[in-house]
Amino acid sequence: MRITLRQLEIFAEVAKTENVSRAAERLAMSQSAASSALVELERQFDSPLFDRIGKSLHLNATGAGLLPLAESLLGQARDLEAYLAGGRLGPLNVGATLTIGNYLATLVLADYLRQHPDAPAQLHVANTELVIARLLRFECDLALVEGEVSHPDLQVEPWLKDELVVFCAPQHPLAAIRTADNALLAAQSWILRERGSGTRGLFDRVIASQLARLNLRLELEHTEGIKRAVESGLGIGCLSRLALREAFRRGSLVEVATPQFDLGRNFYFVRHRQRHESAAMRRFRDLCQAITEGASSAATVRTPFIP
């Protein structure tokens, strides 16, 4: 065989970083060795894989076609190495959107690491748009997202049902009414997630589109920041029930019923269609599924099923 796994590993890392020096650093090798391996790979098949612009390397059409094939083969090679090493799991890189990352994925990852203390694992938390971009660049193996995803290269599987909830501080006038029509909602100041998040996308489609106007007072990237702002009386918010259940239990925030809107949604597993599903990915997915055992497939996360 003319091609080596090391060449493919270097190629894949350069494709992700768009820089030979950074790729070499990640692979714990010299820049000259990484550059020579990449040049040799292209020379062997007389096929350039990158457009070179200054010090940056950008995948050309041939390189873009090779990347998913290389990632799939490298994933299988890692599984083979893990098997020969006594069944240890290979590396795992998970992307999660903010609600899932803050309230679910960290719990699952902690359980995963307790069961597999020698297995390298990383969790990157960002909004849906950024997590999906990482997945498409093969920078993570599996994504747990709360936003709707539609891309021909991605495989999407429903995981868990959730719903958004409108809420306010106990001292807010809406707290005494407990139900708000569209006219009341249009008169409020809103504290919302940023555009690009799954939560904001659903809010805009279902609620904002039906209001005569939207008084957006603050956009924040983190759910805890939104909760604190609403608690302090700056306005009302709309977040996952999962993120609000403890605040509702304590009474620091109050749900505002909006029966005119369907705010149900799914959390999803997402992975690249051409990425090999490693043993580590399967084990992590199993643990994700385990936290919902005992809840019916139609149930939302209203009840605290997480220990």
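Since every read-out is calculated from the coordinates, none of them should be taken as a lab result. Source: prediction; values computed, not measured. Cβ sites come from the backbone with ideal geometry, for glycine too, and all protein chains shown count toward neighbours.
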Task: Spatially proximal aspartates and glutamates relative to Lys227 (Cα-Cα < 15 Å; intrachain offsets below 8 disregarded) - done: Glu194, Glu219, Glu246, Glu255
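Please arrange Ser240, Ser209 by how many other C-beta atoms lie within 10 Å of their C-beta, fewest to most. Don't skip to the end; give the middle numbers.
Working: Ser240 27, Ser209 9.
Taking fewest neighbouring Cβ atoms as first place, the list is Ser209, Ser240.
Are there any trypsin sites (Lys or Arg not before Pro) in segment 27-92 that are in a DSSP loop and have at most 14 other Cβ atoms within 10 Å? List them by number. Each step should come with its number before you reach the end.
On the way: sites: Arg43, Arg52, Lys55, Arg78, Arg88; in loops: Lys55, Arg88.
Those that pass, being in a loop and sparsely packed, are Lys55.
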Task: Interchain or long-range residues, amide H under 5 Å from Thr179's placed H - done: Ala257
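Charges at C-beta only: +1 for Lys and Arg, -1 for Asp and Glu. How large is the resulting dipole of segment 65-195 about its Cα centre, in Debye rounded to 20?
Numbers: 9 positive and 16 negative charges, 63 e Å.
Using Cβ point charges on Lys, Arg, Asp and Glu, segment 65-195 gives about 300 debye.
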Open item on the list: Rounded to the nearest 20 debye, what is the charge dipole size of segment 142-206 about its Cα centre when +1 sits on each Lys and Arg Cβ and -1 on each Asp and Glu Cβ?
Closed with: 300 debye
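Full extension from Leu214 to Ser30: what is 0.36 nm times the residue separation minus their Cα-Cα distance, to one decimal in nm? Walk me through the intermediate numbers first.
Working: separation 184, 0.36 × 184 = 66.24 nm, distance 5.46 nm.
60.8 nm is the gain from fully extending Leu214 to Ser30.
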- [ ] Could I have the simple spin-label model distance between Asp181 and His116, label points 7 Å from Cα toward Cβ, reported in nm to one decimal?
- [x] 5.5 nm
Task: Residue exposure sequence - Arg275, Arg249 - by fewest surrounding Cβ within 10 Å - done: Arg249, Arg275
Task: Cβ-Cβ FRET estimate between Ser47 and Arg195, R0 fixed at 45 Å, reported to 0.05 - done: 0.65
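Tally the DSSP beta bridges in segment 162-264 and give the antiparallel ones as a percent, rounded to 5.
Details: 8 of 16 bridges.
Within segment 162-264, antiparallel bridges account for around 50 percent of the total.
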Open item on the list: Among DSSP bridges having both ends in the chain, what percentage is antiparallel? Round to the nearest 5.
Closed with: 60 percent
Task: Mean ellipticity per residue at 222 nm, deg cm²/dmol - from DSSP H runs of n ≥ 4 across the chain, formula -39500 (n - 2.57) - done: -12500 deg cm²/dmol
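With a ≥ b ≥ c the root eigenvalues of the C-alpha gyration tensor of segment 82-213, is it rounded (a/c under 1.5), prolate (a/b larger than b/c) or oblate?
Values: a/c = 3.64, a/b = 2.16, b/c = 1.69.
Cα axes put segment 82-213 in the prolate bin.
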Task: Derived scalar couplings ³J(HN,Hα) [segment 89-102; Karplus, 6.51 cos²θ - 1.76 cosθ + 1.60; whole Hz; x for Gly, Pro] - done: 6, x, x, 9, 10, 10, x, 9, 6, 4, 4, 5, x, 7
Task: Simple label model, 7 Å out from Cα along Cβ direction - Leu80 to Asp204, nm - done: 4.6 nm
